[in-house]
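Shown next, in structure tokens, is the structure this report addresses.
The values are calculated or read from the model by the stated rules, or taken from the named source; none is laboratory data. All values reported here derive from a predicted model rather than from experimental measurement. Cβ placement follows ideal geometry from the backbone for every residue including glycine, while neighbour counts extend to all protein chains displayed.
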Amino acid sequence: MRNALMLAATFSVLAAMPARAQVVEDRPIVVTGKKGTPRQQALRQLRQIVSTVDGQLARFAEPVCPMVIGLSLESNATVAGRIRDIASEAGAKVAPERCNPNIVIIVAADADVFTKALRKRFPKMFAYLRPGELRRAKREGPVHAWNTVEVRNDVGESLMQGEGDDPPTLEIHTASRIILPTQQVTLSSIVVIDDEAAVGKSLVQIADYAAMRTLAGARPPREPGMADTILSLFDRDGGTPPPSLTRLDSSFIKELYAGEGTATASQKKNAISRRAAAEQ
């Protein structure tokens, strides 16, 4: 239901939107960054970009289906295809080409105005957001991004509606001091990018940035220049952003989708930092 609402809203608002952003041609997937990133350095950088939900990192459980709107038809397909490749390489499930989108990347003429119009016309799109996600969605800037996340139990079951006035319940099947009995599952993700901010950015950069915001639920660094990540793509400090996913970014996505979804945020961050330090 939520995905259907999201798709209908997106198409209705974007029906007459021109494709104005000019980006450069696609390039193959390349991971950049310093060789053998030290673990402590990786941990410090992770703290700048990681977003936790009730002590865990959220990820997609259902097959991801990206849709891109606002560029040329060919560029839209290229960006969506690269997100699919990144997801597949990380071990996430990927839907067939014809699917109901749960990831929507929009390049809009004015990201602030567009997002405000979306909130006004389709408030239910934002009804299930947690307070932190809602604040990020409202925050003015070149990019607006929000993920809808729900808690599930250790075997992937959602909350069960209670009878009458009883509250919803979540049936727990295991009890462990090492892992949590819950997992945070991303249901849908939307990224709105201002077309002026996209000018001069490559399709690779746009796709990789979007992959980190959607697949990983990560956010731009709190302090510009403090993390080696594609998430610095739209920083206003004038620095040169990476041309593609960095080693930290690649490690983040791959480790997030490795193993069970019941790991704690601390466990995942430690695993990500170890991978980033070990990869050559």
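Kindly state which helices (runs of 4 or more DSSP H) lie completely within the stretch 183-264 and contain at least 1 residues that are polar (S, T, N, Q). Don't jump to the end; show me each part of the working.
On the way: elements: 195-198, 203-214, 247-256.
Here the list reads 203-214, 247-256.
Residue 227 passes all but one of (1) buried (at least 22 other Cβ atoms within 10 Å of the Cβ); (2) more than 27 Å from residue 110 (Cβ to Cβ); (3) at pLDDT 95 or above; which number fails?
Checking residue 227 against (1) buried (at least 22 other Cβ atoms within 10 Å of the Cβ); (2) more than 27 Å from residue 110 (Cβ to Cβ); (3) at pLDDT 95 or above, the one that fails is (3).
Identify all residues within the stretch 142-156 that are assigned to a loop (DSSP other than H, G, I, E, B), buried (at least 17 other Cβ atoms within 10 Å of the Cβ) and either in contact with a His (Cβ under 9 Å, 6 or more places away or on another chain) or at positive phi (or both); write none if there are none.
Of the stretch 142-156, the ones assigned to a loop (DSSP other than H, G, I, E, B) are 142, 154-156.
If we keep only those that are buried (at least 17 other Cβ atoms within 10 Å of the Cβ) as well, we get 142, 154.
The one that is assigned to a loop (DSSP other than H, G, I, E, B), buried (at least 17 other Cβ atoms within 10 Å of the Cβ) and either in contact with a His (Cβ under 9 Å, 6 or more places away or on another chain) or at positive phi (or both): 154.
To keep it simple, each residue is scored yes or no on (1) part of a helix (DSSP H, G or I); (2) at pLDDT 50 or above; (3) in contact with a Leu (Cβ under 8 Å, 6 or more places away or on another chain); (4) under 18 Å from residue 233 (Cα atoms).
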position	(1), (2), (3), (4)
36	no, no, no, no
42	yes, yes, yes, no
45	yes, yes, yes, yes
48	yes, yes, no, yes
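Could you check how many residues of the stretch 98-141 are within 23 Å of residue 198 (Cβ to Cβ) and in a helix (DSSP H, G or I)?
14
Quick one: is residue 163 over 28 Å from residue 88 (Cα atoms), modelled with pLDDT of 90 or more and surrounded by fewer than 22 Cβ atoms within 10 Å (Cβ to Cβ)?
So residue 163 fails the test.
Might you let me know whether the stretch 205-212 holds any residue that is crowded, with 20+ Cβ neighbours inside 10 Å, among the aromatic types (Phe, Trp, Tyr) and modelled with pLDDT of 95 or more?
Yes, that holds for at least one residue.
For residues that are in contact with a helix residue (DSSP H, G or I) (Cβ under 8 Å, 6 or more places away or on another chain) and farther than 26 Å from residue 142 by Cβ, scanning just the stretch 94-116, find the one that is surrounded by the most Cβ atoms within 10 Å (Cβ to Cβ).
Residue satisfying both the conditions and the ranking: 94.
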